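Read the structure below first, then the notes.
The values are calculated or read from the model by the stated rules, or taken from the named source; none is laboratory data. Source: prediction; values computed, not measured. Glycine also receives a Cβ, built like all others from the backbone with ideal geometry; neighbour counts cover every protein chain displayed.
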Amino acid sequence: VPNHKSPGYPPQSRPSSRIPSLSCKGGFHWGIATFSLLQSAHFSPTFFLSLHPTGSREAAFTYAITAAGVAHAVTAACSQGNLSNCGCDREKQGYYNQEEGWKWGGCSADIRYGIEFSRRFVDAREIRKSARRLMNLHNNEAGRKVLEERMKLECKCHGVSGSCTTKTCWTTLPKFREIGYILKEKYNAAVQVEVVRASRLRQPTFLKIKQIRSYQKPMETDLVYIDKSPNYCEEDASTGSVGTQGRLCNRTSPSADGCDMMCCGRGYNTHQYTKVWQCNCKFHWCCFVKCNTCSERTEVFTCK
């Protein structure tokens, strides 16, 4: 693996695989679809992408957030000067926008470099021509597009006594958690598609929304899937599902975190325990801290 300031695949692309995994854990913390391999804190992007043998909406989310994560991490590394062959966006330097009354300055994040790196790095494994390849590439691009559309413009005023005679502006990356939330919403609204074989060789050419007598293509930022999701209620090694047995649930919630939905109708167990902590701490001269011991009876619920 290349070292610091390397022109090749940077070390930053390895931590970037943790970024989507953490966002995935956060977004799906109370979802039924939870995968055993996500319990691992360290894995490569290729390993991350091998989680889903089926073209489900969970696969769509995984590919999109991985592609966005690589682009985000590499762009951040460029802005921080950690890579020798990229840096700040050179096209956003010195230009003055008369209509808006500001000029480019500072260090604008070079999102185009990050996106292009993500295409070379993440999309490279999609060699075999198939419907799944078209699905994966679409979701990769959707993740990158969501990131690109959420780039932020920050400005600083210049002038006498705090006036804003001129403004210097630059682009910055959004927090990746924000991208994760957006992609989670797109996962909820994912579109089922099917392949169109338009060439003489009957090879997959493009994807269309799965409707009778419709050739409408999905939107650029839609997450798309081919296969319906498998049953994540039960443990299944072939899909990577660990099932929901033993999962914490909320007894009073009607949503995905509720015991009725999380436990898939199997019911739940009630556990009682005493939570103990130090409280009402005070500093006494000199020099020690004295605390009381507080306790509280608590109930938690887990799926049968």
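Output the number of residues of the range 241-250 satisfying the condition of being part of a loop (DSSP other than H, G, I, E, B) and surrounded by 13 or more Cβ atoms within 10 Å (Cβ to Cβ).
Matching residues across the range 241-250 total 4.
Would you point out which residue out of ALA77, ALA60 is within 27 Å of the chain's Cα centre (by Cα), under 30 Å from SER229 (Cβ atoms), surrounded by 17 or more Cβ atoms within 10 Å (Cβ to Cβ) and of a type outside the set (Ser, Thr, Tyr)?
Answer to the check: ALA60.
Do you know which of the residues in the range 195-240 that are loosely packed, with under 15 Cβ neighbours inside 10 Å and modelled with pLDDT of 90 or more is farthest from HIS138 (Cα to Cα)?
Only one residue tops the list, namely MET219.
Could you check, for the range 4-21, whether at least one of its residues is charged (D, E, K, R), modelled with pLDDT of 90 or more and either surrounded by fewer than 19 Cβ atoms within 10 Å (Cβ to Cβ) or out of contact with any His (no Cβ under 7 Å at 6 or more places or on another chain) (or both)? Write out each step before concluding.
Step one: list which residues in the range 4-21 are charged (D, E, K, R), which gives 5, 14, 18.
So of that shortlist, the ones also modelled with pLDDT of 90 or more come out as none.
Looking for residues that are charged (D, E, K, R), modelled with pLDDT of 90 or more and either surrounded by fewer than 19 Cβ atoms within 10 Å (Cβ to Cβ) or out of contact with any His (no Cβ under 7 Å at 6 or more places or on another chain) (or both), one finds none in the range 4-21, hence no.
Would you mind telling me which numbered condition in (1) in contact with a helix residue (DSSP H, G or I) (Cβ under 7 Å, 6 or more places away or on another chain); (2) loosely packed, with under 14 Cβ neighbours inside 10 Å; (3) of a type outside the set (Phe, Trp, Tyr) THR171 fails?
If we test THR171 against (1) in contact with a helix residue (DSSP H, G or I) (Cβ under 7 Å, 6 or more places away or on another chain); (2) loosely packed, with under 14 Cβ neighbours inside 10 Å; (3) of a type outside the set (Phe, Trp, Tyr), just (2) comes out false.
For the range 279-304, which positions are surrounded by 10 or more Cβ atoms within 10 Å (Cβ to Cβ) and aliphatic (A, V, I, L, M)?
Selection gives VAL300 alone.
Of these, THR66, THR75, which one is among the polar types (S, T, N, Q), in a helix (DSSP H, G or I) and either touching a Phe, Trp or Tyr at 6+ places or on another chain (Cβ under 6 Å) or not assigned by TED's automatic domain parsing to the domain that holds VAL146 (or both)?
THR66
Tally up the residues in the range 137-167 that are under 24 Å from the mean Cα position of the chain (by Cα) and of a type in the set (Lys, Arg), please.
Total meeting the criteria: 4.
Which residue is farthest from the chain's Cα centre (by Cα), if the candidates are limited to the range 175-194 and must be surrounded by fewer than 16 Cβ atoms within 10 Å (Cβ to Cβ) and not polar (S, T, N, Q)?
Step by step, filter the range 175-194, then rank; the result is GLU194.
For the condition in the same structural domain as VAL74 (by TED's automatic domain parsing), touching a His at 6+ places or on another chain (Cβ under 8 Å), of a type outside the set (A, V, I, L, M) and in contact (Cβ under 8 Å) with a residue 40 or more places away in the chain, what is the one hit in GLY114, GLY105?
Working: GLY105 fails: touching a His at 6+ places or on another chain (Cβ under 8 Å).
After ruling out the rest, the residue left standing is GLY114.
Here is a yes/no grid of residues against (1) in contact with a Gly (Cβ under 8 Å, 6 or more places away or on another chain); (2) over 26 Å from TRP104 (Cβ atoms); (3) at pLDDT 95 or above:
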site: ARG150; (1), (2), (3): no, no, yes
site: CYS155; (1), (2), (3): no, no, no
site: GLY162; (1), (2), (3): no, no, no
site: TRP170; (1), (2), (3): yes, no, no
site: PRO174; (1), (2), (3): no, no, yes
site: LEU183; (1), (2), (3): yes, yes, yes
site: ASN188; (1), (2), (3): no, yes, no
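For residues that are part of a strand (DSSP E or B) and either surrounded by fewer than 15 Cβ atoms within 10 Å (Cβ to Cβ) or not assigned by TED's automatic domain parsing to the domain that holds LYS290 (or both), tally how many sit in the range 259-278.
10
I'm checking my understanding of the structure. Among residues of the range 121-136 that are in a helix (DSSP H, G or I) and more than 19 Å from the chain's Cα centre (by Cα), which one is modelled with the lowest pLDDT?
ARG125
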